[in-house]
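Working notes, beginning with the structure itself.
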Amino acid sequence: MSPTATSVTIDQARLSAEIEALAQISDTPYPSVTRVLFTEADMKARAWLKLRYAEAGLAVREDSIGNTYVRWAGTDLSAAPVGTGSHTDAIPNAGRFDGVVGVLGGLEAIRALQRAGFKPRRSIELVMFTAEEPTRFGPGCVGSRIMAGTMSPEKIMALRDKDGLSLDQARAAAGYSGSVASAQLPKNYYSAFVELHIEQGYRLERAGLPIGVVTAIAAPATLRVQLTGEGGHAGAVLMPDRHDPVLAASEIMLAVDRTARGTGNVNSVATCGLVQVLPGAVNSIPRDVTLTIDVRDIELARRDGMLAEIRQTARASAEKFGVGFSDEVLNADAPATCAPEILAAIHAACDELGLRYQDMTSRAYHDSLFMALICPTSMIFVPSKGGFSHRPDEFTKSEEIVDGVRVLSATLARLAG
Ligand code: HGY
Ligand code: MN
Ligand code: MN
């Protein structure tokens, strides 16, 4: 029996309670959420989620780096499944909705379809991607990169955290083993992929719309700049004898901002979000400064132009202040174009439910950026209060999340029917 979208009811109270419960599993006090890859909080959250999947009677498997696949078997097991899902890792002092809405919302969409007596022809698979956030190892979306085969397992496994631990060692400590290459999915493993996510911007709220349908996902790049001086005693070394890398770093950070504003396009953004100064003592002249810079645009050529300009400026600043320079592009991904047939399915679900929507780009990146490389993909956005995200005051109303889950469940029914 195929339920009509309007006959599927979402258990709002249960979903809200689950979002709030998951928010408590964090290394920072509520409402701030910190859940960095393979930390105790991340592992506790994974264990908590597995109990929720089991309650729904769903089969769970994890791959060699911790991507979690939660399958609702369809009547035709030979047909490629429909995928949905997102992430539950969180950067330091983040909010409780980023990623979580797509995992718990995806789970509730499946439970609601089960309650409505829907029997999917294609299996429906909820994915919890490992390491969507770049916090611990540099590039973001490590789990979906490996699934899509866009970064070699060797390169990913050699990534190191700030303590020098490799991703390979970290996954082993978390209990994951086996060949990393085995985590790669064959092309078209999924017939379709749809991710529910908060917008992390203010366009839906300002337009007064409950739903966004994502047509493209911006291209992220991450640049790491290393500046090296001589250090020394902050009192004894006279100014003419100093080679202080903080001075070059200051010029570079201003240039990052100037470069993004300089393209004249609203989609160009760049941030120096991470500044490490060693030895980090007030009475010691900085010796090593590391800048980690995030550069994005919806258009690849403009993004690459910004990246090249920032690298050139950084090198010139280092020379000007007489400090050592090296840089490394940690990732420079292409933007994703979402599939028209998935957009059409989401549009039809919104129309069936009488929910207004707008097509829009995603300026944040998501695992869907990589899923779009291996199957037809799109995303459903729900509003973010004030456009805030990656902050403890990130907020989306419970009824707005329910609207997103209703659209997701109707879309999944359409794609899996
Ligand atoms: O940074 C991003 O766009 C995502 O939230 N990780
Ligand atoms: Mn995020
Ligand atoms: Mn996210």
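What to note about this one:
- With all protein chains in place and a 1.4 Å probe, the accessible surface of the chain carries 55 percent carbon and sulfur.
- Dipole magnitude (debye, nearest 20) for the stretch 1-110, charges at Cβ of Lys, Arg, Asp, Glu: 100 debye
- Chymotrypsin sites (Phe, Trp or Tyr not before Pro) within the stretch 122-197, DSSP loop, no more than 16 other Cβ atoms inside 10 Å: TYR189
- Cα→Cβ-extended label distance, 7 Å offset, between SER64 and LEU77, nm: 2.5 nm
- Formal net charge of residues neighbouring GLU62 (Cβ-Cβ distance under 11 Å; K, R +1; D, E -1): +3
- Euclidean distance between Cα centres, the stretch 287-348 to the stretch 62-132, Å: 30 Å
- Residue by residue, the stretch 119-129 carries 3J(HN,Hα) couplings of 10, x, 6, 7, 4, 10, 10, 8, 10, 9, 6 Hz when phi is fed to the Karplus relation 6.51 cos²θ - 1.76 cosθ + 1.60 (θ = phi - 60°); x denotes Gly or Pro.
- If you model the stretch 221-332 as an ellipsoid using its alpha carbon gyration tensor, with each semi-axis the square root of five times an eigenvalue, the axes come out at 29, 12, 11 Å, biggest first.
- Heavy-atom accessible area per residue - the chain, 1.4 Å, Å²: 40 Å²
- Sequence-distant residues sharing a close amide H with ALA56 (under 5 Å, placed H): none
- Using a Förster distance of 22 Å, the FRET efficiency for MET239-THR271 (Cβ separation, nearest 0.05): 0.10
- GluC sites (Glu not before Pro) within the stretch 258-364: DSSP coil, no more than 16 neighbouring Cβ in 10 Å: GLU299
- Cα-based reach from LYS397 at 24 Å (exclusive), listing lysines while leaving out same-chain residues under 8 positions away: LYS385
- Dipole of the stretch 221-332 [Lys/Arg +1, Asp/Glu -1 at C-beta], most positive-end residue of SER326, ALA255, ALA236: ALA255
- Options MET371, THR290, VAL405, ranked by Cα towards positive dipole end of the chain, top entry (Cβ charges): VAL405
- Full-extension gain in nm, ALA332 to SER177, via 0.36 nm per residue minus C-alpha separation: 53.0 nm
- By accessible area with a 1.4 Å probe, ligands and nucleic acids excluded, highest first: order of LYS187, LYS155: LYS187, LYS155
- Relative compactness, the chain, computed as alpha-carbon Rg over 2.2 N^0.38 Å: 1.03
The values are calculated or read from the model by the stated rules, or taken from the named source; none is laboratory data. In this text, all values refer to a predicted model and were calculated from it rather than measured experimentally. Heads up, the Cβs are rebuilt from the backbone with ideal geometry, glycines too, and the neighbour counts pull from every protein chain shown. Remember, those area values only see protein heavy atoms, side chains included, never the ligands or the DNA or RNA. Shrake-Rupley method; radii C 1.70, N 1.55, O 1.52, S 1.80 Å.
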